[in-house]
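These notes concern the structure reproduced below.
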Amino acid sequence: MSTEKVILGFLEEVEAWRLLSPQFPSKVGGKPAWLSQKGVPSLSSWSARSVIFQWLFCFRCMRLYRVKIKDEPPSEPYGDYNVLPVSGVKLCWTCGCPGTKTCSRCHFVNYCGKHHQTIHWKHSHKRDCGSQETSGAGKSPFLFPEFELVTEPEEREEKTETQSNETEAIQSNVDETLTDVLAETELDEMALHETEEMKIFQRFKKRIAPEPHQVVRYSRGGLPLWISAEHIPSDEAVPPCSCGSKRVFEFQVMPQLLNSLCVDSTGASIDWGTVAVFTCSRSCSQEDNYSPEFVWKQDFKADQINKDSL
Ligand SMILES: [Zn+2]
Ligand SMILES: [Zn+2]
Ligand SMILES: [Zn+2]
């Protein structure tokens with residue numbers, strides 16, 4: 001039985017100002033809270049903070065960036081304005097990502113592309129265009145609902161050696177009996193695979209049962225809690241960081257998050273069983289630029305479940 005320490009992440013509703021960049025927020029949803037203005041990538045939906053790093057993860061494109069946080073917090077909120085205050089990077093009204101396109105009528109609001117311009121036009125800009133006071137205001141329908149991401153250590157039942165040994169003994173008895181029976185059939189391989197699949201899914205359910213609302217599991221250098229026996233990456237499948245160092249598991253995003261994102265209402269077709277994130281083992285800083293890290297998505301097995309039952 002593994003003893004690695006896991007920190008769990010939960011969603012909490014807070015007032016919107018607490019999620020603006022001067023607060024160094026750890027949050028899910030809304031516009032990205034950029035904490036560095038250099039080489040700002042195009043992504044949205046997520047922003048988590050450790051002591052020295054910010055991670056930005058987009059649920060739509062499954063990309064993750066890591067950036068070193070400056071010592072000084074920004075004094076004004078970034079991202080809630082049209083332009084980043086220091087670097088002058090223009091931001092899209094709809095998604096909060098860099099956008100070089102500007103409304104040709106009012107020359108005030110920016111967009112990353114035609115599609116997001118259309119969303120704003122239909123939402124309110126058709127009315128507001130020309131009035132600087134209201135043009136930038138309003139909540140974009142493209143964004144996911146916004147929450148603070150709070151953490152607490154996972155508490156695990158202290159099992160005595162004997163108890164867990166007994167359970168394991170019973171389990172392996174069951175497995176052996178099963179194996180004997182199955183070996184006599186022509187379907188043994190398939191059935192064994194299904195047994196393995198069931199075991200992994202049961203372990204997943206059991207481990208999250210005490211804290212069913214967890215949306216993130218953080219355990220740098222630990223092991224992901226896989227939801228399925230299929231599509232687990234080998235060591236070679238995880239590419240090294242661009243600095244040359246090996247990447248290690250850092251945290252995973254849980255399927256429970258999908259329920260809170262109201263995915264259906266934003267029209268985004270996103271789904272996952274779990275998403276595991278692997279980051280540079282040296283935590284290189286890449287000169288304060290946003291560095292892409294590695295994301296591995298594991299899906300639900302079709303016959304497994306509906307995730308509401310988790
Ligand atoms: Zn956009
Ligand atoms: Zn306009
Ligand atoms: Zn690195």
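The values are calculated or read from the model by the stated rules, or taken from the named source; none is laboratory data. Everything numeric here is computed off the predicted structure, so don't read it as measured data. Here Cβ is always computed from backbone atoms with ideal geometry, including for glycine, and neighbour counts include all displayed protein chains. SASA here: full protein model, heavy atoms, side chains in, ligands and nucleic acids out. Shrake-Rupley method; radii C 1.70, N 1.55, O 1.52, S 1.80 Å.
Here are some notes:
- Screening segment 81-100 for residues that are closer than 18 Å to S124 by Cα and either out of contact with any helix residue (DSSP H, G or I) (no Cβ under 9 Å at 6 or more places or on another chain) or of a type outside the set (F, W, Y) (or both) and picking the one that is most open to solvent (accessible area, probe 1.4 Å) gives Y81.
- Meets criteria (more than 15 Å from F57 (Cα to Cα), more than 16 Å from ligand 2 (Cβ to nearest atom) and loosely packed, with under 13 Cβ neighbours inside 10 Å) for G273: no
- Any hit, segment 281-288, residues being modelled with pLDDT under 85, open to solvent by less than 40 Å² (accessible area, probe 1.4 Å) and either away from ligand 1 (no atom under 16 Å from the Cβ) or hydrophobic (A, V, I, L, M, F, W, C) (or both): no
- Identity of the residue in segment 107-119, part of a loop (DSSP other than H, G, I, E, B) and open to solvent by less than 70 Å² (accessible area, probe 1.4 Å), that ends up farthest from ligand 3 (Cβ to nearest atom): F108
- When L261 is tested against (1) within 16 Å of ligand 3 (Cβ to nearest atom); (2) open to solvent by less than 40 Å² (accessible area, probe 1.4 Å); (3) at pLDDT below 95, exactly one condition is not met: (1).
- No other residue among E133, E76, E158, E72 is at pLDDT below 90, in a helix (DSSP H, G or I) and open to solvent by 70 Å² or more (accessible area, probe 1.4 Å) apart from E133.
- Pairing each residue of segment 32-48 that is over 12 Å from L91 (Cα atoms) and surrounded by fewer than 23 Cβ atoms within 10 Å (Cβ to Cβ) with any residue that is at pLDDT below 65 and of a type in the set (A, V, I, L, M), provided the two are 6+ apart or on different chains, yields no C-beta distance under 6 Å.
- If you go through segment 84-106 and keep only what is in a loop (DSSP other than H, G, I, E, B), over 24 Å from the mean Cα position of the chain (by Cα) and modelled with pLDDT of 90 or more, you end up with T100, C103, S104, R105, C106.
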